[in-house]
Amino acid sequence: MSNTHNRQAPIFLSYFLIFIFGVLASFNTSAQANYPNKPIRLIAPVAAGGGLDHLARLVAERLSRNLGQSIIVDNLSGGGGAIAGQTTAKAAADGYTLMIAYVGTHGTNPAVRKLNYDAVKDFTPIGMIGATPNVLIVGTNVPAKTLGEFVDYAKKNPAKLTYGTSGPGTLTHLGMEQFKIASGIFMVHVPYRGIAPAFTDLLGGQTDAMLPTLFAAIPYLKTGRVRALAVTGQKRSAAEPNIPTFKELGYPGFDGQQWYGIAGPANIPEPIVNKLNVELNKVLASPEFAQEMSSEAMTLMPMTPQQFGNYIKDDIARWTKVAKNRQIEIE
């Protein structure tokens, strides 16, 4: 009797485990099919107010409408987006915690900082939203009217020119260092705490050049207080079509832009990822949303999750190369 009982026990346990796994798998499949059945948290890696927060709320509102579930924007600023990135990476991979990933959190920061997250391995890319190009601008005190004239002027006046940025390791810094490498010129870096004071000193003649987003530069371009020499990206911006790209002017590889997308923790189930991607791309296809974004000089860039993941990897590689060349590392 005891031998029979001993033989039956493992068999019973096996059937029991198969039953439990089947129930769990069924529950998991059901949860994915019913997604979303509760509010979604969308982390914005900045304080309330400003461009990125505004974008997060616009996307949340429209995506919420498409999904039939509320999306709550949670502002987590600090560490240049590191706090938001770390919080998202540690969240449950169930599709209920997402973040606005952007060039800071998943492009420049991983290239220059030691972070508590891996910008590739710890995240699931959902989809790209869009990007605003950066524009090389000079003050009216600089006699150059074209990019070629600016390079010539810089070479004839070594160490005379300065450029302002919104801080060390930012896109405005790394992008200009990329240009210095490509053109063989030298300019002194003047970092500021944000883009506003950098603009103030450029307009006042204390600095000579900058590489801000086109959206930030447009008001000053309209009034003629600065001159635009070139924009980043593969093609000219519809917002300012008269400004040539770096590529047109003989500087390929200047594709760095202020980009924005949506990502979540690693290992979100594929059906949920695909559903979010489809609904996000529907938002981007809306003429109303496209119009709103074009007024902010943003080009919408719908992508599959895999395309967005590759874009992130390429951007990190681009800025890591510049940072290593220039020995830029931010503590």
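Here, each number is a calculation from the coordinates, and none is a lab measurement. This one's a predicted model, so the numbers in the text were calculated from it and none came from an experiment. Counting neighbours? That spans all protein chains shown, and the Cβs are built from the backbone with ideal geometry, glycine included.
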For Lys321 and Ala47, extending 7 Å from Cα along the Cα-Cβ vector and measuring point to point gives, in nm, a value of 3.7 nm
Of all trypsin sites (Lys or Arg not before Pro) in segment 181-232, the ones in DSSP coil with at most 16 other Cβ atoms within 10 Å are Arg193, Arg225
Expected max-MSF residue from Met187, Met298, Met128 in the GNM of the chain (alpha carbon, under 10 Å) is Met187
For the chain, the charge dipole (Cβ of Lys, Arg +1; Cβ of Asp, Glu -1; about the Cα centre) points to a positive end, and the Cα of Ser166, Leu276, Thr299 closest to that extreme belongs to Ser166
Of 248-254, 212-218, ordering from highest average Cβ density within 10 Å down gives 212-218, 248-254
In Å, the Kirkwood estimate of hydrodynamic radius for the chain over Cα pairs equals 21.6 Å
Of the listed pairs Lys114/Lys160; Lys90/Lys235; Lys222/Lys247; Lys145/Lys313; Lys180/Lys275, those with alpha carbons more than 31 Å apart are Lys114/Lys160; Lys90/Lys235; Lys145/Lys313; Lys180/Lys275
Helix-only [θ] at 222 nm, the chain, -39500 (n - 2.57) per DSSP H run of 4+, per residue, nearest 500, equals -14500 deg cm²/dmol
Expected unfolding gain across Lys235-Gln306 under the 0.36 nm per residue rule, minus the alpha-carbon gap, is 23.3 nm
